[in-house]
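What follows is one structure encoded as structure tokens, with my remarks underneath.
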Amino acid sequence: MKIWVRVTLLITLMVSLTGCWDQHPVEFRAAVAAIAVDPTAKAGEYAFTFLFPNITVTATSIAETASNQQFYAIHVRAPTLVRAITSVQRRHSRSLYLGQIRVLYLSTQLPVSMWQQTLKESADSGRFVLTFWVVGAPKAGDALLVTPPTEVVPDVVLYRALNSRIQPDHWPGRAWRLWRDMVTPGVSPAVIDVHPHGDQIAIHQLAVIGNHVVLWSPMASTGWAYLTGRVIREAATVKVGGHSLTVGLIHGRTRLRVVKSSGQFVVKARLVYTGELVGNVSGAGDSIEEERQVEAAVVHHIQGQVLDAWHTALKTHTDPMGFHRLGNWENATIPADAHDWAHWALDLKVRFTLRDEGVLR
């Protein structure tokens, strides 16, 4: 009798243990790799493209399968992301799985309200893991369908590029950060703007979300990276003594403060960066005096990029640097409105030093 009681108790405990009792087998699931959203000619209706890995590709057949056959797409039209997911599910024989989405492509032609609604639905649905990247594109569906030769199912090459530190700058666009910035006053959410070139994707500039989606120039976008301390391995080409020299592997740190002075809100930006001469075969920059000239030229170059970012922010009434948010933390009297740049000024100081590890010097 005691044995049966123990067996019954053991079975009850095993059943009550937490586990994946409600999970579907992988062969019955369709994992979405990426989603693109574009406007249509009909108001309130949007074109959605869902990208799926081709499950017929195996480890033995992948070498013989063209990259553009390793994925397939389903196109639907719907007013919202949730409705689009429902439409796609009706066309698919397997249960949609949204926990492995790598990239969400949003057209820069979409209204800001659609950007906000799509991110809100992603956060509220409970079916997305908000670690995927959000990027802008003139035609999101075209960018999504680009499959470079190096892409291997089920990976998405843009996700891999943005998720590593191989880019010159640490670009914005993580879904959870973008969602956070959308609900935080004092900062304009920003993502990268991507363009397809043949079978490759090029990262051009920032797409900043203000009253509408504003594209910053590449120069202003790099200045934004310096101002926000996101430079990883930038490069600069400068002229010294009639020679064009390239300085690469630029990285360092940025320190920011927002203070109130003489009725103005002053952003005190202190940039300290280093870099290396790259590919210098002219002999220029070898002496100490020439090195100082190179350093001064790079300082001037960085200052120009930072000032371009500053003036672009003022002109477009956006603040992807988050200065208004920073000012709120440091000085409660500063308004958090990212569109108000009245009585603001920039106090910029840049210091640049050449490192001794220059290549081909």
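Worth a mention:
- In region 183-298, Cα pairs under 8 Å separated by at least six residues give a relative contact order of 17 percent.
- Rounded to the nearest 20 debye, the dipole size of region 229-360 about its Cα centre is 460 debye, using +1 on the Cβ of Lys and Arg and -1 on the Cβ of Asp and Glu.
- Report note on the peptides 345-353, 293-301, 135-143: ranked by the mean count of other C-beta atoms within 10 Å, highest first, their order is 135-143, 293-301, 345-353.
- Derived scalar couplings between HN and Hα for region 222-233 equal 5, x, 4, 5, 5, 5, 9, x, 10, 7, 10, 8 Hz in order, rounded to whole Hz, by the Karplus curve 6.51 cos²θ - 1.76 cosθ + 1.60 (θ = phi - 60°), x for Gly and Pro.
- Loop trypsin sites (Lys or Arg not before Pro), region 219-320, which have at most 15 other Cβ atoms in a 10 Å radius of their Cβ (DSSP): 233
- Nearby lysines by direct alpha-carbon distance to residue 239 (threshold 26 angstrom, same-chain neighbours under 8 apart not counted): 349
- Local charge for residue 351 was computed over the other residues whose Cβ lies under 10 Å away, with Lys and Arg +1 and Asp and Glu -1, and equals +1.
- Diffusion coefficient, µm² s⁻¹, Stokes-Einstein with Kirkwood Rh over alpha-carbon pairs of region 176-333 at 10 °C and 1.306 mPa s: 91
- Per residue, the convex hull volume that the Cα atoms of region 73-232 enclose (Å³): 120
Taken together, the values in this text are just the output of simple stated rules run on the coordinates, not laboratory data. Predicted, not measured: the structure shown is a model, and the values here were computed from it. FYI the Cβ positions are ideal-geometry reconstructions off the backbone, even for glycines, and counts take in every protein chain you see.
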